[in-house]
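The values are calculated or read from the model by the stated rules, or taken from the named source; none is laboratory data. Being a predicted model, the structure only gives us computed values, none of them experimental. All Cβ positions, even for glycine, are placed from backbone atoms using ideal geometry, and neighbour counts span all protein chains on display. When the accessible area is computed, the model is the full protein with side chains, heavy atoms only, and any ligands, DNA or RNA have been set aside. Shrake-Rupley method; radii C 1.70, N 1.55, O 1.52, S 1.80 Å.
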Amino acid sequence: MHEDITALLIELGAVILALGVLGRIAGRVGFSPIPLYLLAGLAFGHGGILPLAASEEFVATGAEIGVILLLLLLGLEYTASDLVGTLKTQYVSGAVDFLLNALPGAAVALLLGWGPVAAVALAGVTWISSSGVIAKVVGDLGRLGNRETPVVLGILVLEDLSMAVYLPILTALLAGVGLAGGSMTLLISLGTVSVVLFVALRYGRVISRAVSSDNPEMLLLVVLGLTLLVAGIAQQLQVSAAVGAFLVGIALSGEVAHGARNLLSPLRDLFAAVFFVFFGLSTDPRKIPPVLAIAFGLAVLTTLTKIATGWFAARRAGISTAGRWRAGGTLVARGEFSIVIAGLAVGVEPKLGPLATAYVLILVILGPVAARYTEPIARRLARKRAVAGDATAAEAPGAEVPPAERLDDPAGTPR
């Protein structure tokens, strides 16, 4: 027993220390640490260079807590009025986002013969952008004041809210629930989301006052305990523990939400890192090379569809052409949600985990690059087209040369 605890402490200490070093390296180069955490998990997992044994069960529990905290902190970022307002104004863009980005994943799974349940899972992997990575990129590029940024955030809000419906459906499908059971799960999840939004709108201040405490320790214990309790009940109802945590975050507002964010953010960062490592631990790195070409092709395709999504949403909002391209490039990154979805569904199709790992590794690296360079590349191509058009018009005798179409402002300028 004593030897088991000793081995557990040594392994956990080594893993957490390694994560700290990797996170510091990522911060120094201005990069998301997610791919480094995934690579660490691959190195420490089965088939890796240094497999873990004693701490695997503990890391698995930590990973579950990591998902719950990710969704709780995400819910704390939004108020119910924000969500309702976004639904009213951007539901068309949200529908286009779903069609353009979920269907490629579903189509690839079906073409590979993985079946309908895996198709639903891979659709989610390719659909949802990474809120964490994108928020960091927007801040790093100094675009918080740009006119297209609220459009980007609106798309992310709709995707996050959609998870409250999508995850229960996926959970029910993975559990082998029939049509009647699946319909009941969907009704329960829709009803729960509607009730939480209504209660948060009408009685959010009352709930927040009941939870509020001037003592940080008491506030931390109450919010964390409430979240884990609701997450467990949601899991029992097959609505998904993550959705339960998200709804708790939405129900809290004002100073309570602000205080809870400050207290729980370090815990979220720790357990989220453990979650990414656990996903890597669960993936045999030897299974990645056979699916790498598929992952790369899917990444290229869904990069283009995300750019098209952002362009469409920004155009609906009356944003300038340059802002449309910036919005599209900003949405490319995938990350935490894609891994959460793949982690739920790895039991359905063994190749889904390696494919999702490779896919996220590619797009979490490509995402910041696309955010920075999509608009300059589009501007350069537009100029080349304009020059070619002028030359063609000049060759035609007596033809009037039209004014060159141009992107209307340089990258980064608020419009």
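A few remarks follow.
- Residues that are open to solvent by less than 10 Å² (accessible area, probe 1.4 Å) and either assigned to a loop (DSSP other than H, G, I, E, B) or touching a strand residue (DSSP E or B) at 6+ places or on another chain (Cβ under 8 Å) (or both), drawn from the range 320-378: Leu331, Val332, Ala333, Arg334, Gly335
- Top-ranked residue in the range 273-305 [being among the small types (Gly, Ala, Ser) and more than 24 Å from Asp97 (Cβ to Cβ); ranked as surrounded by the fewest Cβ atoms within 10 Å (Cβ to Cβ)]: Ala293
- Of residues in the range 130-143 being of a type outside the set (A, V, I, L, M) and in a helix (DSSP H, G or I), the one surrounded by the fewest Cβ atoms within 10 Å (Cβ to Cβ): Gly139
- Selected residue (only one of Phe296, Phe271, Phe312 is of a type outside the set (Gly, Ala, Ser), in a helix (DSSP H, G or I), more than 30 Å from Gly113 (Cβ to Cβ) and at pLDDT 90 or above): Phe312
- When the range 309-322 is filtered for residues that are in contact with a helix residue (DSSP H, G or I) (Cβ under 6 Å, 6 or more places away or on another chain), closer than 17 Å to Ala382 by Cβ and of a type in the set (A, V, I, L, M, F, W, C), the ones remaining, listed by number, are Trp311, Ala314, Ala322.
This table checks each residue for (1) at pLDDT 80 or above; (2) open to solvent by less than 30 Å² (accessible area, probe 1.4 Å); (3) of a type outside the set (Phe, Trp, Tyr).
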| site | (1), (2), (3) |
| --- | --- |
| Val120 | yes, no, yes |
| Ile128 | yes, yes, yes |
| Gly145 | yes, no, yes |
| Val177 | no, no, yes |
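- Filter pass, Val15 being in contact with a Ser or Thr (Cβ under 9 Å, 6 or more places away or on another chain) and modelled with pLDDT of 80 or more: yes
- Per-region count, the range 96-114, residues in a helix (DSSP H, G or I), farther than 22 Å from Ser129 by Cα and touching a residue at least 40 places away in the same chain (Cβ under 8 Å): 0
- Residue list for the range 216-261, restricted to those being among the polar types (S, T, N, Q) and touching a residue at least 40 places away in the same chain (Cβ under 8 Å): Thr227, Gln238, Ser240, Ser253
- Top-ranked residue of the range 209-254 - restricted to ones that are in a helix (DSSP H, G or I) and polar (S, T, N, Q), ranked as least open to solvent (accessible area, probe 1.4 Å): Thr227
- If only residues of the range 25-39 that are in a helix (DSSP H, G or I) and closer than 16 Å to Ile362 by Cβ are counted, the one that is most open to solvent (accessible area, probe 1.4 Å) is Leu39.
- Matching residues in the range 355-381 - criterion: being more than 18 Å from the chain's Cα centre (by Cα) and of a type outside the set (Phe, Trp, Tyr): Arg372, Thr374, Glu375, Pro376, Ile377, Ala378, Arg379, Arg380, Leu381
- Among the numbered conditions (1) surrounded by 22 or more Cβ atoms within 10 Å (Cβ to Cβ); (2) in a helix (DSSP H, G or I), the only one that Leu190 does not meet is (1).
- Flag for Leu103 being closer than 25 Å to Asp284 by Cα, modelled with pLDDT of 80 or more and open to solvent by 50 Å² or more (accessible area, probe 1.4 Å): no
- The single condition among (1) outside any helix (DSSP H, G or I); (2) modelled with pLDDT of 95 or more that Thr283 does not meet is (2).
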